[in-house]
1. Can you confirm whether E296 is outside the structural domain of T46 (by TED's automatic domain parsing), touching a Cys at 6+ places or on another chain (Cβ under 6 Å) and surrounded by 13 or more Cβ atoms within 10 Å (Cβ to Cβ)?
2. Output the residues belonging to the range 168-199 that are over 26 Å from A236 (Cβ atoms), of a type in the set (D, E, K, R) and in contact (Cβ under 8 Å) with a residue 60 or more places away in the chain.
3. List pairs: first residue in the range 145-161 and assigned by TED's automatic domain parsing to the domain that holds I186, second residue assigned to a strand (DSSP E or B) and of a type in the set (D, E) anywhere in the structure, Cβ distance under 7 angstrom, at least six positions apart or on different chains.
4. State which residue pairs qualify: first residue more than 15 Å from R238 (Cβ to Cβ) and in contact (Cβ under 8 Å) with a residue 40 or more places away in the chain and inside the range 248-268, second residue in a strand (DSSP E or B) and not aliphatic (A, V, I, L, M) in any location, beta carbons under 6 Å apart, and separation of 6 or more residues or different chains.
5. Identify, please: which residue in the range 195-241 is surrounded by 13 or more Cβ atoms within 10 Å (Cβ to Cβ) and acidic (D, E) and is, among those, nearest to H28 (Cα to Cα)?
6. For I164, are the conditions met, namely being crowded, with 23+ Cβ neighbours inside 10 Å and either outside the structural domain of S45 (by TED's automatic domain parsing) or over 23 Å from F228 (Cβ atoms) (or both)?
7. Considering only the range 1-67, give the strands (runs of 3 or more DSSP E) lying wholly within it that have at least 2 residues that are in contact (Cβ under 8 Å) with a residue 24 or more places away in the chain and closer than 30 Å to A253 by Cβ.
8. On the basis of being at pLDDT below 95, surrounded by 18 or more Cβ atoms within 10 Å (Cβ to Cβ) and either among the aromatic types (F, W, Y) or in contact with a Lys or Arg (Cβ under 7 Å, 6 or more places away or on another chain) (or both), does F90 make the cut?
Amino acid sequence: MITAPLVRKIRKRGFLGDLRESEPLSRHLYLKTGGLAALFAIPESTEDIIELLEFLKLEGVPWVLLGGGTNVVFANGGYPGCVVRLGRRFARMKVEDGSVLLTGAAATLTGAIEASAAYGLAGMECLAGIPGTVGGAVFMNAGTREGEISDVIREVRVFDGEDIHWLPAEKLGFSYRSSNLPETHIILEARLGLALSTEEEVRSRIQVLKEKRKETQPSGLPSAGCWFRNPEGDSAGRLIDEAGMKGVRVGNAQVSEVHANFLVNLGGATTADFLTLAEKVRGTVHKRFGVMLQEEVRVIHE
């Protein structure tokens, strides 16, 4: 159990980042749902991370790493342990060797794409319009039909609970919307190998893809992005649409009328609403087509 004395103990170990007790998760999740995180920690250095995780392990407190909160839902609404989110010092970026973008894991994907455009570096345009952080994008191999972040990853720097080291891309086991990185590994930085281009050309491609997403994806309502993975050779959105599920609601959670693989918050929807709606969608698609959809959204259990 998280208590004030426990928080004071973490401080005494030298943790300098932000610590918040009973933090509303809705402030940090794109879906705008969630109860309370017993403790919310924002480390600002690798020393902070090491001290925090060693202490949580010693005290038997569970923890989970949160990126941008874009494709995440907490199964019971809240979290009884510590939610860890990297601070702003992990969002720094710089260009190395002319065409390699070194970016902290807490940098937004949008910010990294903007930086690549400003330097006239091509390769990230396919990710334009995807929210979240670089670390989260690497962990789940974020992408679109045009490409994935794994296409440009050279290596990532991680803390594995014991040591901090670099892992080359070939060790990360990238596949469709996943990597082989354990949830207990914290991504700190990534090196992205990009191609020399011009700012004008890169920005032009970004704009084209952003406009395409605006036409095909819902905007203006909170969502967690695509809820289900596309089955091999097919589209989850197509299956959900043809199963007649567009517009279906549970409470104020709704299957988007724009893109059927987006579940949107009409206002005040709960985590339970979304999980119930997702199961309803899954069951209907399975009954109609014999396909069992799998979540792309990360559902965090205690």
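1. In short, yes.
2. The answer is E189, R191, E199.
3. Listed pairs, sorted by first residue: V156/E189; R157/E189.
4. V264/S223; V264/Q254; L266/Q254
5. D241
6. no
7. Where strands (runs of 3 or more DSSP E) fall fully within the range 1-67 and carry at least 2 residues being in contact (Cβ under 8 Å) with a residue 24 or more places away in the chain and closer than 30 Å to A253 by Cβ, they are 36-42, 63-65.
8. For F90, the condition - at pLDDT below 95, surrounded by 18 or more Cβ atoms within 10 Å (Cβ to Cβ) and either among the aromatic types (F, W, Y) or in contact with a Lys or Arg (Cβ under 7 Å, 6 or more places away or on another chain) (or both) - is not met.
The values are calculated or read from the model by the stated rules, or taken from the named source; none is laboratory data. In this text the structure is predicted, and so the values were computed from the model without any measurement. Positions of Cβ are generated from backbone atoms using ideal geometry, with glycine treated the same way; all protein chains shown enter the neighbour counts.
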